[in-house]
Amino acid sequence: MEVGSQLVVQEVDDGMSEASVAAIDEKAFASLEDIADGDAEFIAEVLNQFLMDAEILMATLLAGAEAGNAQEVEHSAHTLRSASANVGALRLSRICQELQEMGRVADPDGCGERAAVAREEFAQVKRELHRRLEKTD
């Protein structure tokens, strides 16, 4: 995700367990806040754009997984992985990284199950980001 003239990317440590990471990682989110330099309106714009884009990407990912379309899974998971990391949704980013790899090697086994996990995690991310957006109003 491009933020101003800077690109924010938070890579996810493969050693993290899903249970050990909150829906939004505070350190990663603080990086976004630092770039915004306290501009709550800018952060709200970034979060709202993420939520709109991620909704479409998640629908595409789920449809691709259901249809066994490895290329669609790989592409949507790749894009959602990066965007999620940019807003601090590291657990979702990690799940998308796994889905991206499944799509890359054209391994449809488990894609549907993992995509369902991504959908559940995205619901948590949405709740948390909406909560943060309410604070900026």
Matching residues in region 95-115 - criterion: being under 18 Å from Asp53 (Cα atoms) and among the small types (Gly, Ala, Ser): Ala115
Tabulated pairs, region 15-38, first among the aliphatic types (A, V, I, L, M) and surrounded by fewer than 19 Cβ atoms within 10 Å (Cβ to Cβ), second assigned to a loop (DSSP other than H, G, I, E, B) and modelled with pLDDT under 95, C-beta under 7 angstrom, 6+ apart or interchain: Ile35/Gly4; Ile35/Val8
Hits in region 41-66 (condition: over 13 Å from the mean Cα position of the chain (by Cα), free of Cβ contacts under 8 Å to residues at least 40 places away in the same chain and over 12 Å from Ala115 (Cα atoms)): Phe42, Glu45
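Filter region 39-62 down to the residues that are of a type in the set (Gly, Ala, Ser) and touching a helix residue (DSSP H, G or I) at 6+ places or on another chain (Cβ under 7 Å), then identify the one that is surrounded by the fewest Cβ atoms within 10 Å (Cβ to Cβ). Quick ask: steps written out before the conclusion?
Step one: of region 39-62, the residues of a type in the set (Gly, Ala, Ser) are 40, 44, 54, 59.
Now restrict to residues that are touching a helix residue (DSSP H, G or I) at 6+ places or on another chain (Cβ under 7 Å): 40, 44, 54.
Values: Ala40: 14, Ala44: 17, Ala54: 22.
Per the criteria, the residue is Ala40.
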Condition met for Ala106 (loosely packed, with under 15 Cβ neighbours inside 10 Å, touching a residue at least 24 places away in the same chain (Cβ under 8 Å) and in contact with a helix residue (DSSP H, G or I) (Cβ under 6 Å, 6 or more places away or on another chain)): yes
Filtered residue count, region 1-40, keeping only those that are hydroxyl-bearing (Ser, Thr, Tyr) and either at pLDDT 90 or above or within 12 Å of the chain's Cα centre (by Cα) (or both): 1
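The values are calculated or read from the model by the stated rules, or taken from the named source; none is laboratory data. This structure is a prediction, so every number in the text was calculated from the model and none was measured. Note that we place each Cβ from the backbone using ideal geometry, even for glycine, and neighbour counts take in every protein chain shown.
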